[in-house]
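Participant: Below you'll find the structure I mean.
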Amino acid sequence: MRLPYANLPAARLVLTTSARVFRRDVRILIEKNPADERQERWTERIAEATWIHSNPETPAPPLILQIPSLQTAEARLVVEEGDNVALPIESAGLLLPSYRMRFIRETDADLRLYYGRSDLSAPRYDLALLAPRLTGEAAEEISFSPENSESAQTEAPALQAKFFWIILAAAAIALFALIARLLKKGASGNV
């Protein structure tokens, strides 16, 4: 088998056959290169299963083999036929993990995605509570705009810091004015 490329993530290989009654041992092997000149190439078994179907009335279920992440783009599928005719493999598919993000927002609201902060912990959501609401909703395809430059990302925190200090200074001035007024009232009341 030739995989799309090396270093694929862990995946599932799905095999189908048109045969109705069979029992076969199936293995996936890869060739390992020697680490140094003293070693020889060797074969490593990365997945194996026994594929059995005994009801001639129904089609055989597909065989699903779990494949770990490999550093090679080639693997060998071995079907032990024994004394039987070769098992016709109708199709072979590789199921790779995929990830999708789903955002819930108001229709006209801007959508922003922030990432890359390794100092933040992953968010925890009670998605199980929202599951009945999410399963019936239609998904909307979106495309991301280009990433903002580093200078634009650092401007927002600087602007927030300026607003913080301005508000803090205004609050301090208001408190000083209030204290001065109270002291003035207290001083005029004692005379």
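Participant: Rounding to the nearest 20 debye, state how big the charge dipole of the chain is about its Cα centre with +1 on each Lys and Arg Cβ and -1 on each Asp and Glu Cβ.
Facilitator: The calculation lands at about 1160 debye.
Participant: Now, a different point. Could you compute the FRET efficiency for Ile167 and Tyr99, with r as their C-beta to C-beta distance and R0 at 41 Å, rounded to 0.05?
Facilitator: 0.50
Participant: Now for a different question. Picking from Met1, Trp165, Leu120, whose Cα lies most toward the positive end of the charge dipole for the chain (charges on Cβ: Lys, Arg +1; Asp, Glu -1)?
Facilitator: Of Met1, Trp165, Leu120, it is Trp165.
Participant: Right, here's the next one. Would you tally the net charge around Trp42, using a Cβ to Cβ cut-off of less than 11 Å, leaving Trp42 out, and scoring K and R as +1, D and E as -1?
Facilitator: Result for the neighbourhood of Trp42: 0.
Participant: Now for a different question. Report the semi-axes of the equivalent ellipsoid for region 11-95 in whole Å, largest first, where each axis is √(5λ) for an eigenvalue λ of the Cα gyration tensor.
Facilitator: So the three semi-axes of region 11-95 are 29, 14, 9 Å.
Participant: Starting from the Cα-Cα distance between Ile64 and Ser18, subtract it from 0.36 nm times their residue separation and give me the gain in nm to one decimal.
Facilitator: Taking Ile64 through Ser18 to full extension adds about 15.0 nm, to one decimal.
Participant: Write out the trypsin sites (Lys or Arg not before Pro) in region 1-36 meeting two conditions: DSSP loop, and at most 14 other Cβ atoms within 10 Å of their Cβ.
Facilitator: When the trypsin sites (Lys or Arg not before Pro) of region 1-36 are filtered for loop state and at most 14 Cβ neighbours within 10 Å, Arg20 remain.
Values quoted throughout were computed directly from the atomic coordinates according to the rules given, and no laboratory measurement underlies them. Keep in mind the model is a prediction, meaning the values are calculated, not measured. Neighbour counts run over all protein chains shown; Cβ positions are idealised from the backbone, glycine included.
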